[in-house]
Amino acid sequence: MLHPFPPRLPLGRVGRNNSGGETDMNRKTFLTGLAVSAMLAVPGVALAEYPERPIELIVPWGAGGGTDAVGRIFAQLLQDELGTPVNVVNRTGGSGVVGHSAIAGANPDGYTIGIMTIEIDMMHWQGLTELTYADFDILAMVNADPGGLMVASDSEYQDAATLRDAIKAGGAGSFKGSGTGQGGIWHLGALGWLMSEEIPVENLTWVPSEGAAAGLTDMVAGGVNLVPSSLAEGRALIEAGRVKPLASMSNERQALFPDVPTLKEATGSDWTLSVWRTIAAPKGMPEDARAKLNAAIEAAYNSETYQNFMNERGFGLRWAGPEEATQIVAEDDANLGAVMKEAGLAKE
Amino acid sequence: MNVLGQALALVADPYVLLVMLASGIFGLFVGSIPGLTATMATALLVPITFFMDPVPAIAAIVTAAAMSIFAGDIPGALLRIPGTPASAAYVEDAYRMTRDGRSRDALGAVLVFSAIGGIFGTLILILASPALAEIALKFSSFEYFWLVVLGLSCAIFVSPGSPLRAMVSLVIGLFAATIGMDNPAAQARFTFGNLDLLAGVSFIPAMIGLFAAAEVFRAMVHGRKGATAPLQPDTKGLFSSQIANMRRYPVQALRGSGLGTLIGALPGAGADIAAWISYAVSKRFSRTPERFGHGHVEGLVEAGASNNAAVSGAWIPALVFGIPGDSITAIVIGVLYVKGMNPGPTIFLHEPQLIYALFIVFLLANLLMLPLGWLAIRLASRVLKVPQKVLMPIILLFCIVGAFSITNSAYGVVLMLVFGVLGFLMEENDIPIAPAILGLVLGPMLEKNFITSMIKADGNWLAFFERPIAAGIGALAILVWLVPLVRLILRRRAA
């Protein structure tokens, strides 16, 4: 029931603009259509100027989460850029399979786009779906949050190197981590780090949790040893002095946490992992719609509203155009696949 | 006191008050339509709050959330469609009262005691946040496991009729909860390769089906006679009749509010468990437990206060540690960051006038609930004037819209219809519906907390009793099961 409420306040006004636009558009379509159809038998869709009706933006995760927040602010900004309502539709469940399938399976007419998250590089390895990033037209990467390494403040391991040595010496099942579900992105992040340090992955037992907040709470309550989620997710507990951040899985230190070293600085490991969000469309979109969307997305990304929103939420800003974004997504697909096979999380 | 003055000035701004009124009406509208939830109301408000100052932004969300939680009780009482799983705990009592021509008393009680619970929860939030948040941090999966066991046990023992039938219903709910892949091991179960089933049984379509669609089917099968013929309520004396309830059940109202706040403050629990446990406590200590489930107001008083108190309580860990107490505060934490009110113990030190303004907004929102709620009840009650022949198809229409809105696909509608038929068959065979709902809501939590506890303890069962709070709640849960058994044995010996 999300569509009847475009994110802008005055419902009446949006409705009026809408119908006005349609009448205009109908006349134009009719006239051009009349002229052109005499010469060419081209379907009317290609003739009308994109966008002529509301656009649906599919978010594969629930209302209120981080992806939903990014989706909703983007919908708002795209609406201003394109001059047509952009409605957010949450299609949740099945670890993101349902929503991603809905984006890829939509009619590629430019009126259905969606937020594609890093889970697309994991679900096909798990054997949940045949769907991969190759089934999408990736328009842009608009956000990336590096993974981190956090322990409780009263933990006996106060830096990443000590923690690494203890995990290495501890043997199978000696340490417990939490922060996502079994085989979830932060689980893979931790395993990838262990593999880069040549520590057997069995040394870390994973305790599945619903999101980083639940994992962090459990860690403070004494349930697990470490949480490898993004540092932004632990911000309040870090500021409250309950959680100690040990490292960031990024190439550079994060602006919000200048005192936290990168993994490379802390232990010498080359492992990096960022959880990104991209805007994607089903494959095979018409060229004019694609060009318009690309321009609108770039303008929305560079807008002050978006930059401020992301900074204040503590979300990482990361821009990559279609080619670069596709390349990053492909690299992560290979890396995550390798980790999942090593850890026995991939379906053969 | 100067801070308090500043805070008052922030709230007394006509713009803020107007925003509160508008979002209150919005919340009532969303909440009273089955299928649209308080969480959805909050999520829809977020993009609008981007363009507001901190105080009106938070005020909009607080007011809309409080209003929609209460409004969920209106279709529950009038049409037997609980708006939220929290109101499912007492929907039977409320609906029976409506059928007996006492909808005014039922809705009045829910309204007045919702406001009392909300205000009580807010006072605790103001006075004891840091201390309660510390307790909340001590809860891990072991404690939550026992809390869920306690909640599920309550469903069996509060159910009117035989515990065996309640157990059957609970098991149906627990089974439905195992479908899909949102379980700790992320294994797809009972999906038969169907993509939609991967997402599992979404509880709101299921709840609408079990209660509302089943009621429509019953009206179709049994005609006018068997179907319920709702009587027209009136709002005259809506509030004055509650003064008597307040005199009769002061302990219940306080107990419900207190327990609700406490359970609400636990990040892994929430208004749902709070309402059920409070309803069970109310029945256990009542002088007339036999009247529960047959249109008795006592449970409404206690559980109604409890679920609204839990909504306020959920803000305690959110403000102090940035840990969401429920799905609404999960959204709110994001808004707080955007507005520069970063959650953490320091939130009370930096810009305290904002926090005081927040508290005032909470109190105002709960007070605003009284006049707006009165208006909503007055308008909604007209529904009952509609003849059955017209009303039932409209209810079915609402069921379809509500179910669709949750999954944004036809899957929700199919789910709703399947559970509608199931609910019809269950009621025809005297199997109560409410325990199935609780099984569906708490089943995933039960499994998740059990599995994560076992992983953490390396398979050691005794770990469930090693932590002091876990041992306490565990002992209580086991006692709840043992006492009736011991009594049964003693009675047999005596005979």
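For region A:239-257, filtered to residues that are in contact (Cβ under 8 Å) with a residue 60 or more places away in the chain and at the interface with another protein chain (Cβ under 9 Å from one of its Cβ atoms), the residue that is nearest to B:PHE139 (Cα to Cα) is A:ARG242. Looking only at residues of region A:199-211 that are of a type in the set (Val, Ile, Thr) and either at the interface with chain B (Cβ under 9 Å from one of its Cβ atoms) or in contact with a Leu (Cβ under 6 Å, 6 or more places away or on another chain) (or both), we find that the one that is farthest from A:GLY170 (Cα to Cα) is A:VAL207.
With respect to A:ALA214, determine if the residue is within 11 Å of chain B (Cβ to nearest Cβ) and buried (at least 22 other Cβ atoms within 10 Å of the Cβ). For A:ALA214, the condition - within 11 Å of chain B (Cβ to nearest Cβ) and buried (at least 22 other Cβ atoms within 10 Å of the Cβ) - is met.
Could you tell me whether region A:299-322 includes any residue that is part of a helix (DSSP H, G or I), among the charged types (D, E, K, R), out of contact with any Ser or Thr (no Cβ under 9 Å at 6 or more places or on another chain) and over 27 Å from B:GLY322 (Cβ atoms)? No, because not a single residue in region A:299-322 is part of a helix (DSSP H, G or I), among the charged types (D, E, K, R), out of contact with any Ser or Thr (no Cβ under 9 Å at 6 or more places or on another chain) and over 27 Å from B:GLY322 (Cβ atoms). Quick check on my filter: what residues within region A:67-92 are within 7 Å of chain B (Cβ to nearest Cβ), of a type in the set (D, E, K, R) and in contact (Cβ under 8 Å) with a residue 40 or more places away in the chain? Correct list: A:ARG72 only.
Per-residue answers, yes or no, for (1) within 28 Å of B:LEU375 (Cα to Cα); (2) over 16 Å from the mean Cα position of the chain (by Cα); (3) in contact (Cβ under 8 Å) with a residue 40 or more places away in the chain; (4) not in a helix (DSSP H, G or I):
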| site | (1), (2), (3), (4) |
| --- | --- |
| B:LEU238 | yes, yes, yes, yes |
| B:LEU254 | yes, yes, yes, no |
| B:GLY260 | yes, no, yes, no |
| B:ILE263 | no, no, yes, no |
| B:PRO267 | no, no, yes, yes |
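Checking each residue in region A:146-185 for being within 14 Å of chain B (Cβ to nearest Cβ) and of a type in the set (Phe, Trp, Tyr) picks out only A:PHE175. Counting the residues of region B:44-89 that are outside any helix (DSSP H, G or I), more than 11 Å from every other protein chain (Cβ to nearest Cβ) and not basic (Lys, Arg) gives 7.
The number of residues in region A:152-171 being touching a residue at least 12 places away in the same chain (Cβ under 8 Å) and either surrounded by fewer than 16 Cβ atoms within 10 Å (Cβ to Cβ) or over 30 Å from B:MET181 (Cβ atoms) (or both) comes to 13. The sole residue among A:GLU298, A:GLU304 that is away from every other protein chain (no Cβ under 14 Å) and surrounded by fewer than 18 Cβ atoms within 10 Å (Cβ to Cβ) is A:GLU298.
Among the numbered conditions (1) at positive phi; (2) in contact with a Gly (Cβ under 9 Å, 6 or more places away or on another chain), the only one that B:ALA41 does not meet is (1).
Hey, can you tell me all the residues within region A:51-103 that are more than 24 Å from A:SER230 (Cβ to Cβ) and in a strand (DSSP E or B)? Correct list: A:ILE55, A:GLU56, A:VAL86, A:ASN87, A:VAL89.
Yes or no: region B:394-408 includes at least one residue that is more than 14 Å from chain A (Cβ to nearest Cβ), exposed (fewer than 14 other Cβ atoms within 10 Å of the Cβ) and β-branched (Val, Ile, Thr). Looking through region B:394-408, at least one residue is more than 14 Å from chain A (Cβ to nearest Cβ), exposed (fewer than 14 other Cβ atoms within 10 Å of the Cβ) and β-branched (Val, Ile, Thr).
Scanning region A:128-161 for residues that are aromatic (Phe, Trp, Tyr) and more than 16 Å from the chain's Cα centre (by Cα) yields one hit, A:TYR157.
The single condition among (1) farther than 27 Å from B:LEU197 by Cβ; (2) within 13 Å of the chain's Cα centre (by Cα) that A:GLY71 does not meet is (1).
Of all the listed residues (B:LEU36, B:LEU10, B:LEU78, B:LEU45), the sole one being in contact with a Ser or Thr (Cβ under 7 Å, 6 or more places away or on another chain), modelled with pLDDT under 90 and farther than 21 Å from B:VAL311 by Cα is B:LEU78. Selection within region A:172-214: residues that are in a helix (DSSP H, G or I) and under 17 Å from the mean Cα position of the chain (by Cα). The member of this set that is nearest to B:ASN183 (Cα to Cα) is A:GLY211. Among the residues making up region A:307-332, those that are away from every other protein chain (no Cβ under 12 Å) and over 14 Å from the mean Cα position of the chain (by Cα) are A:GLN307, A:GLY321, A:PRO322, A:GLU323, A:GLU324, A:GLN327, A:ALA330, A:GLU331.
The values are calculated or read from the model by the stated rules, or taken from the named source; none is laboratory data. This structure is a prediction, so every number in the text was calculated from the model and none was measured. Cβ atoms come from the backbone with ideal geometry, glycine included; neighbour counts cover every protein chain shown.
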